[in-house]
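Here's the structure we're looking at; comments come further down.
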Protein chains: 2
Amino acid sequence: MKNVVKVTVNDVAELAGVSPSTVSRVISNNPKISQETRDKVQKCMEELGYYPNAIARSLARSMTGTIGVIMPTRKEDLFLNPFFPEALRGIVKGASAEGYDLLLSTNTEKSGELTVIKNFIRGSKVDGIILMSSKVSDECVDYLRSVDFPFALIGSTFRFDEKINHVDNDNYMAAYELTRYLSMIGRKRIAMIGGDERLTVTQKRIEGYRKALTESNLPFEDSLLFTGKFDEETGYKYGSEIAKMMPRPDALIVTDDLIAFGAVKVFRLMNISIPEDIAVASFNNSVLSRYSDTPITSVDINATALGEGSVKVLVEAIKGVRGKKIIIPYTIYKRQSTEGKAP
Amino acid sequence: MKNVVKVTVNDVAELAGVSPSTVSRVISNNPKISQETRDKVQKCMEELGYYPNAIARSLARSMTGTIGVIMPTRKEDLFLNPFFPEALRGIVKGASAEGYDLLLSTNTEKSGELTVIKNFIRGSKVDGIILMSSKVSDECVDYLRSVDFPFALIGSTFRFDEKINHVDNDNYMAAYELTRYLSMIGRKRIAMIGGDERLTVTQKRIEGYRKALTESNLPFEDSLLFTGKFDEETGYKYGSEIAKMMPRPDALIVTDDLIAFGAVKVFRLMNISIPEDIAVASFNNSVLSRYSDTPITSVDINATALGEGSVKVLVEAIKGVRGKKIIIPYTIYKRQSTEGKAP
DNA sequence: CTGAAAGCGCTTACAG
DNA sequence: CTGAAAGCGCTTACAG
């Protein structure tokens, strides 16, 4: 790097005829410094083109002003739905507002999230950590809790929730409301395809679905509930099973648009009309659900707000607060797949 | 943070009965250290649970091991096509392989990219910078060049290309090939809707399109070329103009799937068949183009490889190399929108 | 309101 | 092959 001379507090101090301590205090806006001195020092900083070295500051203060973001490793998680980029955007927004930098996890498939977390913490690279995926194995949460390092979770765990700072939707209510809605419009046999059943989010949605069935006086049937992966294939596979059932379900709730897409595809192949023969409702409100030929009713979980909220609860965590939770409202977008031909 | 005692080189040194210098050399794998000493020190590090402080190391070495990533500010750029997350994934992959951490820009709408860049550089937070969007105003490139700070560009500028480390597709050839293909399948009037005409990528694609027309003995007509924004509306607007033209074009090349989507929508509304009446080909190979009811022929620019490549050329830049360029191959996925009913 | 001094935790010529 | 010493650039009790 040419054309750039390193200028330090000492250079500024010398030019201003004060001590480095004073320059430092001017930098950090210490109110004890007289206006006169402050002006003088500031003039000198400008004259020299001084800019504080963040690394040195971090070392001296044992605070980095940086938040570590642990992204999911698996490729699928990053692409198949818009959650990741939207949530990240929310995190960026939140971090900007709070004045934090963002350090991204660069974990390789094999090293794993925990390794990255340890590296961030023990290398003193960050002041706090955001776990973007509740899929993140519980060992990460365990570790973070064991060292009491500030962190925030997007999503929920079933364990420790009361002591963890996290941000989530009310997935129970969302599924409940969606199921009730399908019942309201006259659907009697409502099937469901969920994602990985070990995930908290899946479990909560199933709970909400069951509760709504009961309240609607519709029996819950094991044979109408499927769980699988977050992909088109899962939707295709269970969709075709559902299509062949006798009597056939007249509604289907799916926990991700891509799964829904697979189901819709197979229904169409089998000449089953949506929504006439079967209504379809989904989650995540992705491009697919909006732009699909039969636009699909979908729950928008507001990923950006989740991301932004995660920064807020993390900042609380950094301040020492534990157990802070933010619930982000969801929105159900009703579309043709449940509403009939009229939009 | 409880349960975590800070252990430093000095602690290790004391326990091992050596000097901190020696411990430091063991950490950095200095070959001059005897195997015996190395073993002893390593045993002590493990015993104490020692982990080097990255911040202190950065300060002492004036190298951070961190790459700054400048993301586009505008919301549209982050969502409307899969480029951003895919490229970011490539960057993550590349950075993992090269052993770098990633610092994300958290620029607010108003502060702008240049401010972030200056902050990264002058605060000594990063060893190099990746500009993710060639839309990044040239002032960033100018600044980075003026201070000769290592950086890499995803995309191209028209200026200085020979001195900048960057990674790009051959957009000229991609558009050329696509146009030739449409001509091969018998299309005679090929229209084009491009993105922002100030962008290098748009200009190169237009060049390729013109060249291919000429070589196919098809006249280039100004009235068949449109440029606008990367959104559905642009596609809808110019799509409807194209639909009304007499004689109507029998093929359309669009530089982004979302634009294509808008055009396809209006064609369908006007009962214009794809591909019978008009063939449609696009860029970016997004979910939309693949899953659309009429799957759209699209050029996959391989965003992940672009991201990964950008890390490679940046690492070269950090080593002092300038003017390194990597061309990432594209792939044309031919689909129903140009091929007829058969997939 | 300001300064001298010690410290944050590591690295690296220099000397032996 | 190893150590003593100075340094990276800032901050912060402590003292006045």
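The values are calculated or read from the model by the stated rules, or taken from the named source; none is laboratory data. Only a predicted model underlies this, so the values are computations on that prediction, with no experimental measurement involved. Note that we place each Cβ from the backbone using ideal geometry, even for glycine, and neighbour counts take in every protein chain shown. Heads up: the accessible areas ignore ligands, DNA and RNA and are worked out on the full protein's heavy atoms, side chains in. Shrake-Rupley method; radii C 1.70, N 1.55, O 1.52, S 1.80 Å.
If I filter segment A:63-79 for residues that are more than 9 Å from DNA strand D (Cβ to nearest atom), at pLDDT 85 or above and over 30 Å from residue A:106 (Cβ atoms), do I get at least one hit? Scanning segment A:63-79 turns up no residue that is more than 9 Å from DNA strand D (Cβ to nearest atom), at pLDDT 85 or above and over 30 Å from residue A:106 (Cβ atoms).
Of the residues making up segment A:80-89, those that are open to solvent by 40 Å² or more (accessible area, probe 1.4 Å) and at pLDDT below 75 number 1. Might you let me know whether segment B:37-54 holds any residue that is part of a loop (DSSP other than H, G, I, E, B), open to solvent by less than 50 Å² (accessible area, probe 1.4 Å), within 8 Å of DNA strand D (Cβ to nearest atom) and not assigned by the TED database to the domain that holds residue B:102? No, because not a single residue in segment B:37-54 is part of a loop (DSSP other than H, G, I, E, B), open to solvent by less than 50 Å² (accessible area, probe 1.4 Å), within 8 Å of DNA strand D (Cβ to nearest atom) and not assigned by the TED database to the domain that holds residue B:102.
Of everything listed in (1) within 8 Å of DNA strand C (Cβ to nearest atom); (2) aliphatic (A, V, I, L, M); (3) within 14 Å of chain B (Cβ to nearest Cβ), the single unmet condition for residue A:33 is (3). Given the conditions (1) farther than 13 Å from residue A:86 by Cβ; (2) at pLDDT below 95, report the number of the one that residue A:312 does not fulfil. With respect to (1) farther than 13 Å from residue A:86 by Cβ; (2) at pLDDT below 95, residue A:312 is out only on (2). Exactly one condition in (1) surrounded by fewer than 24 Cβ atoms within 10 Å (Cβ to Cβ); (2) at the interface with another protein chain (Cβ under 10 Å from one of its Cβ atoms) is not met by residue B:257; state its number. Residue B:257 satisfies every listed condition except (1). A search for C-beta distances below 6 Å between a residue of segment B:82-99 that is over 23 Å from residue A:82 (Cβ atoms) and more than 8 Å from chain A (Cβ to nearest Cβ) and any residue that is part of a helix (DSSP H, G or I) and open to solvent by 10 Å² or more (accessible area, probe 1.4 Å), counting only pairs 6+ apart in sequence or on different chains, returns B:94/B:308; B:98/B:315.
Given the residues A:23, A:41, which is the only one that is within 13 Å of DNA strand C (Cβ to nearest atom), out of contact with any strand residue (DSSP E or B) (no Cβ under 8 Å at 6 or more places or on another chain) and under 26 Å from residue A:127 (Cβ atoms)? Walk me through it before giving the result.
Details: A:41 fails: under 26 Å from residue A:127 (Cβ atoms).
Residue meeting the stated conditions: A:23.
Residue by residue, here is whether (1) surrounded by fewer than 24 Cβ atoms within 10 Å (Cβ to Cβ); (2) under 23 Å from the mean Cα position of the chain (by Cα); (3) under 17 Å from residue B:290 (Cβ atoms); (4) aromatic (Phe, Trp, Tyr) holds:
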{"residue": "A:233", "(1), (2), (3), (4)": "yes, no, yes, no"}
{"residue": "A:237", "(1), (2), (3), (4)": "yes, no, no, no"}
{"residue": "A:240", "(1), (2), (3), (4)": "yes, no, no, no"}
{"residue": "A:243", "(1), (2), (3), (4)": "yes, no, no, no"}
{"residue": "A:247", "(1), (2), (3), (4)": "yes, no, no, no"}
{"residue": "A:261", "(1), (2), (3), (4)": "no, yes, yes, yes"}
{"residue": "A:268", "(1), (2), (3), (4)": "yes, no, yes, no"}
{"residue": "A:293", "(1), (2), (3), (4)": "yes, no, yes, no"}
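Within segment B:36-63, the set of residues being more than 9 Å from chain A (Cβ to nearest Cβ) and among the basic types (Lys, Arg) comprises B:38, B:40, B:43, B:61. The single condition among (1) crowded, with 24+ Cβ neighbours inside 10 Å; (2) farther than 16 Å from residue B:170 by Cβ; (3) touching an Asp or Glu at 6+ places or on another chain (Cβ under 7 Å) that residue B:280 does not meet is (3).
Restricting attention to segment B:124-150, the residues being modelled with pLDDT of 85 or more, outside any helix (DSSP H, G or I) and surrounded by 19 or more Cβ atoms within 10 Å (Cβ to Cβ) number 11.
Cβ-Cβ distances below 8 Å connect the following pairs, each with a first residue in segment B:255-275 that is free of Cβ contacts under 8 Å to residues at least 24 places away in the same chain, a second residue that is open to solvent by 10 Å² or more (accessible area, probe 1.4 Å), and a separation of six or more residues or different chains: B:268/B:274.
The C-beta contact set for segment B:28-49 (first residue of a type in the set (Val, Ile, Thr), second residue within 15 Å of DNA strand C (Cβ to nearest atom) and modelled with pLDDT of 85 or more, distance under 6 angstrom, 6+ apart or interchain) comprises B:33/B:25; B:33/B:26; B:41/B:16; B:41/B:23; B:41/B:26. Looking at B:104, B:153, B:114, just one residue is open to solvent by 20 Å² or more (accessible area, probe 1.4 Å), not assigned by the TED database to the domain that holds residue B:254 and not charged (D, E, K, R), and that residue is B:114.
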